[in-house]
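Down below is the structure, laid out as structure tokens.
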Amino acid sequence: MSTHLDARDPLVVDTHELARQAGALRRLRDTIEAPADLGIELIGVPEGAPMQLDLTLESVVEGVLVTGTVEVPLAGECARCLTPLSDRGTYRVTELYNYPGRQAAEDELFLEDDLLDLDPALRAAIVLELPFSPLCRPDCRGLCPTCGANLNENPDHRHEAAIDPRWSKLAGLGGDMTPGGPDNED
Ligand SMILES: [Zn+2]
Ligand SMILES: [Zn+2]
């Protein structure tokens, strides 16, 4: 398998100094820019936002074990009232990168030479934990189904009993019954 990881990519870590000696450790504390599409439909980490990594890389028999945390800003919108929301999240990272050529399940990660790509580990840690329906607050009242008003800002908001659509049509015509047209010309 040929390497296609780029060591200059901030998400790519060179594990060379671990020297494949089981037990060797390397601390990785760094702030890097978030990659694109790190999120789900309504919430995620904005592209380019600072992701604070506090990771330990440990050489184990199978490869390199990455553990620790990643702390990120989150941006999204409330699933009920669509108000923009922002938050911070800290997520646990635990990922084994197998040495190249090892027998491992298809969904496991591998080192490429001495390089490992943190991207899939961070995605697994963050994206799977994000809420499908983020809320601006737990008791968000959402939007009025009739007119779309934000019910958090207008808690007493209500409508008169729904008007029969046929009547509302007539009511609308009423305003247009003004004299006009050729018949009224002198
Ligand atoms: Zn809301
Ligand atoms: Zn309304």
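Coordinate-derived values only; no laboratory data. All of these numbers come straight from a predicted model, not from anything done at the bench. Please note: Cβ atoms are built from the backbone with ideal geometry, for glycine as well, and neighbour counts cover all protein chains shown.
Please give the length that would be gained between ALA124 and ARG27 if that part of the chain were fully extended, namely 0.36 nm times their separation in residues minus their C-alpha to C-alpha distance (nm, one decimal). Walk me through the intermediate numbers first.
Numbers: separation 97, 0.36 × 97 = 34.92 nm, distance 2.03 nm.
Net length gain for the segment: 32.9 nm.
Of all beta bridges that DSSP places with both ends in the range 12-127, some 95 percent have antiparallel geometry.
Legend: ranking of residues ARG20, ARG92, ARG8 from fewest to most surrounding C-beta atoms inside 10 Å; resulting order ARG8, ARG92, ARG20.
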